[in-house]
Amino acid sequence: MNDWVTLINKIKAISQIGKAYSKDPFDTDRYDQLSLIANEMYSKISNEKLETIENFFFPDKGYATAKVDLRAGIIKDDKILLVKERRDGKWALPGGWSDVGETPKEGIVREVEEETGFLVKVNRLISIRDQSIGEYSPRYPVHVYKIFFLCDIVDGTAKNNIEISDVSFFPFDSLPELSVGTTLNRDIHDIKEYYNNSMKLPICE
């Protein structure tokens, strides 16, 4: 399936870039049709409604680039902080999409506070990963870069919200079922390694 998602993402990118630079209305219409075909293809392989797929895509124009997903590794008393996502009832590292107009550090601080109630400071960068490489599933119908930070809690108390039904710390050897579209065991293992080794250089792949 990953190969098909990669091909669909390329078709979407060609459509978006072509529409951005084309001045011919007939070509513009063809690029719109190409985008629709890509949406239909993803709908079929993901068993999602076409309307759901179309609503997922951001109103993006111009040259197509990767989206950015920010995730925080927060350790306390040798336990890792995870959030339970309402959409699938599984657990993930706190985080989400980076917003326009904010730095990655500002974005992860915002996301953690929104999802957990905790105010954090960024300690260091752990890794930058391509979501298409690895075992993330399901793959998003866009190209995604994932940025992981090691963070420290400075204030706040745990609270739930419209997207998160629970916030809790877990021992590394007793993790709950993970939401593997956003968080893998490998990601949590990386966090533990970087927490224990301040000299380790960030991963970029």
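Okay, here's what the table says:
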| quantity | calculated |
| --- | --- |
| Which listed pairs, of K23/K44; K49/K84; K12/K192; K23/K105; K84/K121, have C-alpha distances above 28 Å, in listed order | K23/K44; K12/K192; K23/K105 |
| Dipole magnitude (debye, nearest 20) for segment 96-146, charges at Cβ of Lys, Arg, Asp, Glu | 260 |
| In nm, spacing of pseudo-spin labels at F170 and E48 (7 Å Cα→C-beta vector) | 2.3 |
| Cβ-defined net charge surrounding T6, 13 Å radius [Lys, Arg +1; Asp, Glu -1] | +1 |
| Furthest towards positive pole of dipole, S35, L125, L175, structure part the chain, Cβ charges | L125 |
| Under Karplus coefficients 6.51, -1.76 and 1.60, residue-wise ³J(HN,Hα) of segment 85-99 in Hz, glycine/proline x | 7, 5, 5, 9, x, 10, 10, 8, 5, x, x, x, 5, 6, 9 |
| Within segment 98-136: backbone nitrogen closer than 18 Å to the N161 label point (7 Å, Cα to C-beta) | 98-122 |
| H143 long-range amide H proximity, modeled H, under 5 Å | K67 |
| Cleavage-rule hits, GluC sites (Glu not before Pro), segment 110-154, DSSP coil, Cβ neighbours within 10 Å at most 13 | E135 |
| Among beta bridges that DSSP assigns inside the chain, antiparallel share in %, nearest 5 | 70 |
| Residues whose placed amide H lies under 5 Å from that of F172, excluding near-sequence neighbours | I80 |
| Segment 7-15 - phi-based ³J(HN,Hα) in whole Hz, Karplus 6.51/-1.76/1.60, Gly and Pro as x | 5, 5, 4, 5, 4, 4, 5, 4, 4 |
| Per-residue Cβ neighbour rank within 10 angstrom, fewest leading, F149, F169 | F169, F149 |
| Debye equation applied to the C-alpha atoms of segment 67-204, log10 I(q)/I(0) at 0.17 Å⁻¹ | -0.88 |
| Evaluated over segment 2-56, the Cα radius of gyration and Dmax, each in Å | 11.7, 35 |
| Under 19 Å from the Cα of K79 - aspartates and glutamates, other chains or at least 8 residues apart | E113, E115, D152, D155, D166, D173, E177, D187, D190, E193 |
| Cβ-based exposure ranking for W91, W4, in which fewest neighbours within 10 Å come first | W4, W91 |
| Under Karplus coefficients 6.51, -1.76 and 1.60, residue-wise ³J(HN,Hα) of segment 129-139 in Hz, glycine/proline x | 10, 8, 5, 6, 9, x, 10, 5, 7, x, 6 |
| Size of charge dipole - segment 160-205 - debye, nearest 20, with Cβ of Lys, Arg +1 and Asp, Glu -1, no other charges | 180 |
| Segment 49-185 - charge dipole about Cα centre, Lys and Arg +1 at Cβ, Asp and Glu -1, debye rounded to 20 | 200 |
| Rounded tilt (10° steps) of 104-116 against the dominant C-alpha axis of the chain | 70 |
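Computed from the coordinates by the stated procedures, all read-outs in this text should not be read as laboratory data. It should be emphasised that the depicted structure is a prediction, and the values quoted were computed from it without experimental measurement. Counting neighbours? That spans all protein chains shown, and the Cβs are built from the backbone with ideal geometry, glycine included.
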